[in-house]
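Worksheet: one structure, shown below.
The values are calculated or read from the model by the stated rules, or taken from the named source; none is laboratory data. Treat the numbers as computed from the prediction; the structure is a model and nothing was measured. Here the Cβ is made from the backbone with ideal geometry for all residues, glycine too, and neighbour counts use every protein chain on show.
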Amino acid sequence: MPGIALLEWPAQDLRAATIDYIQSRQTFASAGDRPADLTLTVKAWLTMRSRGNYRYSLRLESDLGPSDKPPIKSYLVEKEAMGSRVRWITASDQSPIAEAVQAALDDLLTQIEADYLLYRKGLR
């Protein structure tokens, strides 16, 4: 397909988006990238395919638990977003990537919130 072959998505962008989202959703009392009672570890894979429109697939594998112990639970989230038919600049990736990240974080935090009692017990 016409356009550029480079996909730019710095890890820092995901880290900042995740922290900002968790802070705004207020699932936890606070969120940041410093050690805390609970640690959320997120591994992410972003892939882009081009058949017709570009498709951006995001996979998040996450663990949550006390900082000094094994995780209490693991989570898997996979989301996809549709981009344009042509990519002329890497900025054209930002909107569909942001859409996939938003959907994935919504799903992840919904799962974590449903397991609230697991973490409440795990911190005692």
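So for segment 104-118 (the condition being without any contact (Cβ under 8 Å) to a residue 40 or more places away in the chain, closer than 18 Å to ASP13 by Cα and either surrounded by 13 or more Cβ atoms within 10 Å (Cβ to Cβ) or among the acidic types (Asp, Glu) (or both)), does at least one residue qualify?
Step one: list which residues in segment 104-118 are without any contact (Cβ under 8 Å) to a residue 40 or more places away in the chain, which gives 106-107, 110-111, 114, 116-117.
Filter once more, so that each one left must be closer than 18 Å to ASP13 by Cα: 106.
Filter again for either surrounded by 13 or more Cβ atoms within 10 Å (Cβ to Cβ) or among the acidic types (Asp, Glu) (or both), leaving 106.
Yes, segment 104-118 contains a residue that is without any contact (Cβ under 8 Å) to a residue 40 or more places away in the chain, closer than 18 Å to ASP13 by Cα and either surrounded by 13 or more Cβ atoms within 10 Å (Cβ to Cβ) or among the acidic types (Asp, Glu) (or both).
Criterion first (within 18 Å of GLN12 (Cα to Cα), out of contact with any Cys (no Cβ under 6 Å at 6 or more places or on another chain) and surrounded by 17 or more Cβ atoms within 10 Å (Cβ to Cβ)) does ALA81 satisfy it?
Working: within 18 Å of GLN12 (Cα to Cα): no; out of contact with any Cys (no Cβ under 6 Å at 6 or more places or on another chain): yes; surrounded by 17 or more Cβ atoms within 10 Å (Cβ to Cβ): yes.
Spelling it out, it is not the case that ALA81 is within 18 Å of GLN12 (Cα to Cα), out of contact with any Cys (no Cβ under 6 Å at 6 or more places or on another chain) and surrounded by 17 or more Cβ atoms within 10 Å (Cβ to Cβ).
Mind listing just one residue for me: the one in segment 78-102 that is among the small types (Gly, Ala, Ser) and assigned to a helix (DSSP H, G or I) and, of those, modelled with the lowest pLDDT?
Initially, segment 78-102 is screened for residues among the small types (Gly, Ala, Ser), giving 81, 83-84, 91-92, 95, 98, 100.
So of that shortlist, the ones also assigned to a helix (DSSP H, G or I) come out as 91-92, 95, 98, 100.
Working: ALA91: 65, SER92: 69, SER95: 84, ALA98: 88, ALA100: 93.
Ranking the candidates gives ALA91 first.
Test THR27 against the stated conditions and say whether it is surrounded by fewer than 14 Cβ atoms within 10 Å (Cβ to Cβ), out of contact with any Phe, Trp or Tyr (no Cβ under 8 Å at 6 or more places or on another chain), of a type in the set (Val, Ile, Thr) and touching a residue at least 24 places away in the same chain (Cβ under 8 Å). Steps first, answer last, please.
Numbers: surrounded by fewer than 14 Cβ atoms within 10 Å (Cβ to Cβ): no; out of contact with any Phe, Trp or Tyr (no Cβ under 8 Å at 6 or more places or on another chain): yes; of a type in the set (Val, Ile, Thr): yes; touching a residue at least 24 places away in the same chain (Cβ under 8 Å): yes.
The answer is no for THR27.
Does segment 90-98 include one or more residues that are touching a Gly at 6+ places or on another chain (Cβ under 8 Å) and of a type in the set (Gly, Ala, Ser)?
Within segment 90-98, the subset touching a Gly at 6+ places or on another chain (Cβ under 8 Å) is 92-93, 95-96.
Now narrow it down to the ones that are of a type in the set (Gly, Ala, Ser): 92, 95.
Among the residues of segment 90-98, at least one is touching a Gly at 6+ places or on another chain (Cβ under 8 Å) and of a type in the set (Gly, Ala, Ser), which makes the answer yes.
For segment 37-53, give me each residue that is modelled with pLDDT under 85 and small (Gly, Ala, Ser).
Once the filter is applied, which keeps residues that are modelled with pLDDT under 85 and small (Gly, Ala, Ser), segment 37-53 yields SER50, GLY52.
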